[in-house]
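The values are calculated or read from the model by the stated rules, or taken from the named source; none is laboratory data. Bear in mind the structure is a predicted one, so any value in this text is a computation, not a measurement. Here Cβ is always computed from backbone atoms with ideal geometry, including for glycine, and neighbour counts include all displayed protein chains. Keep in mind that these areas ignore ligands, DNA and RNA; they rest on the heavy atoms of the full protein, side chains included. Shrake-Rupley method; radii C 1.70, N 1.55, O 1.52, S 1.80 Å.
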Amino acid sequence: DGTLHNQTKQFQPRVGFAWDTSGNGKAVIRGSFGVYYARQNMLTQVGSITTNGVQQQTIAGGAVANPFVRPVWPGLVTPTAGTCSTINGFTAPGPVTNPFPCFSGVRVFSRDYQNPRVYTANLGSEFEVAENLSIYFDFTHSKAVHLTRFLDYARTGFFDDYLGETMVAASVGKSLYRAFTAGMRRRLTRGFQFEMNYTFSRDFDDDSNERDPFTDRAFDIFNLQLDYAYSDRDIRHRFNFVSVADLPHDFDLSMRLQARSAQPRSPGCATRCFPRNTLRKNNEFFSFDWRLERPFKFGERYALIPIVEMFNTFNTDNNIDPTIGSPLFNFDGFLRQGVGDPRQLQLAVKFTF
């Protein structure tokens with residue numbers, strides 16, 4: 001009926017602690033646990049409120065979908081009752097009148113739909129190994145339940161010929177993210193500071209599709225467990241390095257290095273592929289960026305600062321390949337594919353007062 005049920009039982013407790021194990025501030029253990037809820041994107045809600053078969057429905061036309069619905073511009077498709085020849089895949093004893101064109105599409109929410117819930121725990125430790133220099137280790141465990149999955153029950157043939165697409169937004173998905181991070185940081189001392197860290201992680205789910213309500217990616221709609229595999233987001237290795245240094249003659253240098261391994265992809269198919277994400281894309285990432293500046297001060301209030309900065313210093317390709325299927329309908333925030341940003345040199349002058 002287009003109703004989205006209120007989610008009124010979203011209890012989200014959080015707890016954390018920090019323990020100075022050495023008693024002198026040189027070693028600490030930190031931990032936290034929390035329960036979090038996520039919101040559903042509005043595009044999904046709008047579709048289930050409007051395209052519900054009462055207010056409107058999806059009408060597929062063309063030689064394959066429905067040869068009788070093929071308007072010629074500027075003609076329009078007028079929703080009218082249709083005469084279906086089959087019911088639930090079986091030949092009807094006589095013509096059956098459908099309240100709207102046969103094989104129209106509708107979208108609904110599952111009656112027991114719940115917002116996504118995430119349980120996240122973190123345990124970390126940090127130790128001072130020299131003056132203003134420390135190393136740290138962190139482990140993160142994040143489990144999500146009730147993730148949204150879009151399931152097209154028209155695949156079962158149960159609604160033929162009355163309905164074509166019968167998309168249900170159901171909260172039956174799940175995911176599991178586990179990551180270990182090791183890093184080192186140096187506080188700003190004698191004009192120099194830095195931080196670097198490496199993360200090894202594994203990210204699993206049974207459907208990475210929470211933004212595209214037009215695609216059912218389930219391999220077998222009757223056995224959703226078959227889809228549990230590496231997530232589309234899975235990035236096994238990450239490395240980050242950032243630093244700031246005061247150089248002689250009042251020059252300031254800042255640097256940033258980012259690197260990560262490639263994301264997974266499914267073999268030879270876009271959707272409904274089994275097993276999922278057993279291969280890797282060619283989209284590993286590496287970039288080294290830096291900035292050099294030298295302030296020229298005029299009194300205590302004014303300064304003129306010439307700036308030179310370079311992005312992707314080594315001109316790495318950094319291929320962009322975010323999509324699962326065609327980029328025509330891509331809802332993950334990327335608007336392009338192919339080679340990433342090239343090496344860029346930027347010159348600037350900043351005046352402060």
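Summary table below
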read-out: Check on PRO275, open to solvent by 50 Å² or more (accessible area, probe 1.4 Å), part of a loop (DSSP other than H, G, I, E, B) and at pLDDT below 90; value: yes
read-out: Any hit, segment 13-27, residues being surrounded by 15 or more Cβ atoms within 10 Å (Cβ to Cβ) and of a type outside the set (D, E, K, R); value: yes
read-out: Matching option when the condition is modelled with pLDDT under 80, of a type outside the set (A, V, I, L, M) and either over 34 Å from the mean Cα position of the chain (by Cα) or open to solvent by less than 60 Å² (accessible area, probe 1.4 Å) (or both), among GLY75, GLY47; value: GLY75
read-out: Residues that are modelled with pLDDT under 95 and under 21 Å from ARG14 (Cβ atoms), drawn from segment 116-138; value: PRO116
read-out: Residues located in segment 115-147, provided they are of a type in the set (Asp, Glu) and either over 16 Å from TRP19 (Cα atoms) or surrounded by fewer than 16 Cβ atoms within 10 Å (Cβ to Cβ) (or both); value: GLU128, GLU131
read-out: Total residues in segment 30-52, condition of a type in the set (Gly, Ala, Ser) and in contact with a Phe, Trp or Tyr (Cβ under 7 Å, 6 or more places away or on another chain); value: 2
read-out: Every pair of residues 6+ apart whose Cβ atoms lie under 6 Å, when the first sits in segment 175-186 and is farther than 18 Å from SER134 by Cβ while the second is at pLDDT 95 or above and open to solvent by 30 Å² or more (accessible area, probe 1.4 Å); value: LEU176/LYS143; LEU176/PHE204; ARG178/HIS141; ARG178/ARG202; ALA179/THR140
read-out: Residue in segment 306-317 that is at pLDDT below 95 and not polar (S, T, N, Q) present; value: yes
read-out: Which listed residue is basic (Lys, Arg) and closer than 24 Å to PRO116 by Cα, from ARG276, ARG280, ARG294, ARG301; value: ARG276
read-out: Output for segment 206-243, where each listed residue is among the aromatic types (Phe, Trp, Tyr) and touching a Phe, Trp or Tyr at 6+ places or on another chain (Cβ under 9 Å); value: PHE214, PHE219, TYR228, TYR230, PHE239, PHE241
